[in-house]
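The values are calculated or read from the model by the stated rules, or taken from the named source; none is laboratory data. The structure displayed is predicted, hence computed values, not measured ones. For neighbour counting, all protein chains shown are included, and Cβ atoms are generated from backbone atoms with ideal geometry for every residue, glycine included. For the accessible areas, the whole protein counts, side chains as well, though only heavy atoms, and no ligand, DNA or RNA atoms are used. Shrake-Rupley method; radii C 1.70, N 1.55, O 1.52, S 1.80 Å.
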Amino acid sequence: MLRIEFQTTASGVVSELETHLPDVRRIEFENAFYADEGDWIESLLVTSGTTFDPESAVAPLSRVELFHHERVSASRAGQSTYRLTVVAHEPYPFLLGVILRGKAIPNRLELHDDHFDGVVTVKAWEAFRTLADQIQERFGRFELLSVNQVETTGEPLGSGHLGRVLRNELSEEQLTVLQTAHARGYFDVPRGASADDIATELDIAQSTLSERLRTAEKQLFDLVFSTDGASFDTPDDRE
């Protein structure tokens, strides 16, 4: 199998969202399902440099119906991430539809700076060439960024259930501590940053950092190792 990373032209409803939502940095497809007659149900993670009201922002768009929204995180840099679940009437051709019809596994699809970044897995080189030609023909651009031989298909869109649960269950304070520590390499071996480095960046005392880290880690492990079956679906649950 081949893992392909590529860029192509921005298009579809998410391109309209990028234009109309305030200070959008990126829009990532978290999940998508085809409904009927060009309608897709899409779960989108929208990262913006400012806070905004999704209902007011989406209301002027005729091809988008907002089904649900929630703010899932806010960073010290002032960026906010929202999850928007929408019913979107996508024009033909729609990039995700082309990928699926090409029998490729979409691993990531993200819009930023007026173009799509995509990662897909295909079974063979011939399938990749066919898909690349279709994207080039229908969207006017296909730029190959990387291609690698892989043994597994990787995680398709919609498989990040664990991450969604953790983002929803952990508090904003807990997420900030864990995200900062992870980004600075605190959990690496050897460590890329000390507890004092993390505390300084967060502008808190080292004792406060230790307490927040322990609380966040306990919550994280409680979620992962819970045996009550409430937090995660098992394969039997999904049948």
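Tabulated data
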quantity: Solvent-accessible surface (1.4 angstrom probe) belonging to Glu65, in square angstrom, nearest 10; calculated: 110
quantity: For the stretch 39-56, Karplus couplings with θ = phi - 60° (6.51, -1.76, 1.60), whole Hz, Gly/Pro x; calculated: 8, 10, 9, 10, 9, 10, 9, 10, 9, 10, x, 8, 7, 7, 9, x, 4, 5
quantity: The stretch 1-73: relative contact order in percent, alpha carbon pairs under 8 Å with at least 6 residues between; calculated: 26
quantity: Val122, Val189, reordered so the largest accessible area comes first (probe 1.4 Å); calculated: Val189, Val122
quantity: Long-range HN-HN contacts of Asn31 with modeled amide H, under 5 Å; calculated: Ser43
quantity: Estimated vicinal HN-Hα couplings, Hz - the stretch 87-99 in sequence order (Karplus 6.51, -1.76, 1.60; Gly, Pro = x); calculated: 9, 10, 8, 8, x, 9, x, 10, 3, 5, x, 5, 4
quantity: Added length on full extension, which subtracts the Cα-Cα distance from 0.36 nm per residue, Ser210 to Leu145; calculated: 19.3 nm
quantity: Value of Rg to Rh for the stretch 43-97 (Rh from inverse mean 1/r over Cα pairs, i.e. Kirkwood); calculated: 1.03
quantity: Charge dipole magnitude, Cβ of K and R +1, D and E -1 - the stretch 82-201, Cα centre, debye nearest 20; calculated: 560
quantity: Environment charge of Gln7, counting only residues whose C-beta is closer than 14 Å and scoring Lys/Arg +1, Asp/Glu -1; calculated: -3
quantity: Length-normalised contact order for the stretch 12-168 - Cα pairs under 8 Å, 6+ apart - percent; calculated: 22
quantity: Bins of 5 Å, starting at 0 and running to the largest distance - Cα pair percent for the stretch 89-148; calculated: 4, 17, 31, 32, 12, 4, 1
quantity: Square roots of 5 times each gyration tensor eigenvalue, C-alpha, the stretch 1-79, largest first, Å; calculated: 22, 19, 13
quantity: Binned Cα-Cα distances of the stretch 1-154, short to long, each 10 Å bin given as a whole percent; calculated: 11, 40, 32, 15, 1
